[in-house]
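**Q** The structure under discussion is supplied below as structure tokens; questions concerning it will follow.
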Amino acid sequence: MRVLVTGGSGFIGTNYINFLEQEGKHEFINLDIKSPRNKAHQAFWRECDLLDRPRLEQIIKNFKPTHVVHLAAKTGLDEKELSDFSANIEGVENMVRILRETPSVERAIFTSTLLVCQMGYVPKDDTEYKPTTLYGQSKVCGEQIVRAAKDLPYAWTIVRPISVWGPYAEEPYRNFFQSVARNWYFHIGSGHYKRSMGYVENMVNQIHQLLLVPVEKMDHKVFYLGDSPPIDLYDFANEVQKKLGVTKIRRLSLWTVQCIAKCGDILKAMGWKKFPLTSFRLNNIRTEYVFDLSPILEVSGPLLYDYQTGIERTIQHMREVGEI
């Protein structure tokens with residue numbers, strides 16, 4: 001395969017480039033506006049903005065990919081206009097059109113998000129949307145662009161990653177591991193909130209298997225990506241604490257944490273965005289959600305790593321790069 005990865009300098013993308021490099025079976029490049037966070041990936045990087053259609057088209061046509069994993073996206077919760085997420089809308093339009101005109105392309109995976117619906121809501125079908133953020137709305141637009149493209153000469157799949165964590169993680173999970181390591185983390189009330197989550201090295205394997213399975217198993221389908229069974233955040237945090245060898249995690253009452261979150265809201269409104277807890281973040285922590293992951297597991301097979309091993313590998317990486 002000749003695999004084009006967009007967003008290969010990001011969190012999931014960096015792990016997927018690692019996966020492809022370790023497999024050593026395929027040619028691949030990383031198309032990203034940012035340089036690789038893993039400097040060993042520099043040779044695979046092609047700098048490009050998804051909104052720069054001429055350059056995007058030139059790179060794709062020159063590389064002649066057979067398979068495309070489109071991970072690149074604009075993320076964030078502080079943007080004020082849907083147009084701030086043009087990479088998720090116009091960028092997808094550019095990808096769909098250019099790939100249509102690239103005869104070598106056999107399959108394409110377009111990455112969306114579980115935030116096409118509000119946190120905690122599991123949609124009844126793949127086209128039920130209830131976004132509560134501009135980011136989520138932009139991803140709805142991206143999905144609709146893919147679905148509306150008729151008679152595409154390649155097979156396509158939409159994937160929605162769930163609560164991804166692991167090496168090269170960004171917020172919130174990098175902060176979570178660092179907080180536990182520094183004895184800043186605390187359980188909220190009872191601390192028991194169960195949710196589906198996804199260790200990133202399991203997730204990139206799931207993505208890759210969608211490129212390999214018989215086409216009828218992946219074409220025009222939507223898959224949530226993640227680990228099964230769901231994880232209790234109380235157990236997850238305690239496991240991180242044990243693997244790090246730090247002091248046992250303390251508890252704070254929900255009322256106390258809500259007051260801290262309100263302080264975070266005020267500081268954010270004043271322009272300080274680095275405070276670790278806001279009411280929005282607290283609500284996300286306390287929201288439970290469990291998705292049926294049997295469809296992707298039937299395609300990808302068993303998980304490569306259980307969550308305990310994933311925690312060990314994440315801590316090892318964070319220590320190697322000086323994050324903890």
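Coordinate-derived values only; no laboratory data. Quick caveat: nothing in here was measured; it's all calculated off a predicted structure. Here the Cβ is made from the backbone with ideal geometry for all residues, glycine too, and neighbour counts use every protein chain on show.
**Q** Can you give me the relative contact order of the chain as a percent, contacts being Cα pairs under 8 Å and 6 or more apart? Can you show the working numbers first?
**A** Working: 542 pairs, mean separation 53.0, N = 324.
The normalised contact order for the chain reaches 16 percent.
**Q** With +1 on each Lys and Arg Cβ and -1 on each Asp and Glu Cβ, how big is the dipole of the chain about its Cα centre, in debye rounded to the nearest 20?
**A** On the way: 40 positive and 38 negative charges, 175 e Å.
With only Lys, Arg, Asp and Glu charged at Cβ, the dipole is about 840 debye.
**Q** If you don't mind, another one. Using a/c under 1.5 as the rounded threshold, could you call the chain rounded, prolate or oblate? The axes a ≥ b ≥ c are square roots of the C-alpha gyration tensor eigenvalues, and prolate needs a/b larger than b/c, oblate otherwise. Please report the intermediate quantities before stating the final value.
**A** Numbers: a/c = 1.70, a/b = 1.54, b/c = 1.10.
Judged from the Cα gyration tensor, the chain comes out prolate (a/c at least 1.5, a/b above b/c).
**Q** Sort region 2-161 into rounded, prolate or oblate with this rule: let a ≥ b ≥ c be the square roots of the eigenvalues of the Cα gyration tensor; rounded if a/c is under 1.5, and if a/c is not under 1.5, prolate when a/b is larger than b/c, oblate otherwise. Numbers along the way, then the final one.
**A** Values: a/c = 1.63, a/b = 1.39, b/c = 1.17.
It comes out prolate by the Cα gyration axes.
**Q** Mind listing which GluC sites (Glu not before Pro) in region 128-194 are in a DSSP loop and have 16 or fewer other Cβ atoms within 10 Å?
**A** Counting only loop positions with at most 16 other Cβ atoms within 10 Å, the GluC sites (Glu not before Pro) in region 128-194 are Glu128, Glu170.
**Q** Positive end of the charge dipole of the chain (Lys, Arg +1 and Asp, Glu -1 on Cβ, about the Cα centre): tell me which of His26, Gly136, Trp255 has its Cα farthest that way.
**A** Trp255
**Q** Estimate the FRET efficiency between Thr256 and Asp84 by the formula 1/(1 + (r/R0)^6), using the beta-carbon distance for r and 35 Å for R0, to the nearest 0.05. Present the calculation step by step, with values, prior to reporting the outcome.
**A** Numbers: r = 35 Å, r/R0 = 0.99.
Calculated value: 0.50.
**Q** Looking at region 122-184, which chymotrypsin sites (Phe, Trp or Tyr not before Pro) are in a loop (DSSP not H, G, I, E or B) and have at most 13 other Cβ atoms within 10 Å?
**A** Details: sites: Tyr129, Tyr135, Tyr154, Trp156, Trp165, Tyr168, Tyr173, Phe176, Phe177, Trp184; in loops: Tyr129, Tyr154, Tyr168, Trp184.
Counting only loop positions with at most 13 other Cβ atoms within 10 Å, the chymotrypsin sites (Phe, Trp or Tyr not before Pro) in region 122-184 are Trp184.
**Q** Using only the Cα atoms of region 161-245, build the gyration tensor, take square roots of its eigenvalues as a ≥ b ≥ c, and label the shape rounded, prolate or oblate: rounded if a/c is under 1.5, else prolate if a/b is larger than b/c, else oblate.
**A** Numbers: a/c = 3.20, a/b = 2.24, b/c = 1.43.
The shape class here is prolate.
**Q** Post the alpha-carbon centroid distance, region 79-94 to region 202-281, in whole angstrom.
**A** Computed from Cα coordinates, the inter-centre distance equals 25 Å.
**Q** Which net charge results for the neighbourhood of Glu101, defined as the other residues with beta-carbon distances under 14 angstrom from its beta-carbon, given Lys and Arg at +1 and Asp and Glu at -1? Don't jump to the answer; show the numbers that get you there.
**A** On the way: positive: Arg53, Lys61, Lys64, Arg97, Arg100; negative: Glu57, Glu93, Asp151.
Neighbour charge sum, excluding Glu101 itself: +2.
**Q** Just how large is the dipole of region 175-286 about the Cα centre, in debye to the nearest 20, putting +1 at every Lys and Arg Cβ and -1 at every Asp and Glu Cβ?
**A** 640
**Q** Charges only on Cβ, +1 for Lys and Arg, -1 for Asp and Glu: so what's the dipole of region 55-173 about the Cα centre, in debye to the nearest 20?
**A** Magnitude of the dipole: close to 360 debye.
**Q** To continue, here is another question. Distance check, please: which entries in Lys39/Lys74; Lys217/Lys243; Lys80/Lys150; Lys248/Lys273; Lys64/Lys150 exceed 30 angstrom between their Cα atoms?
**A** Over 30 Å apart, Cα to Cα: Lys217/Lys243; Lys80/Lys150.
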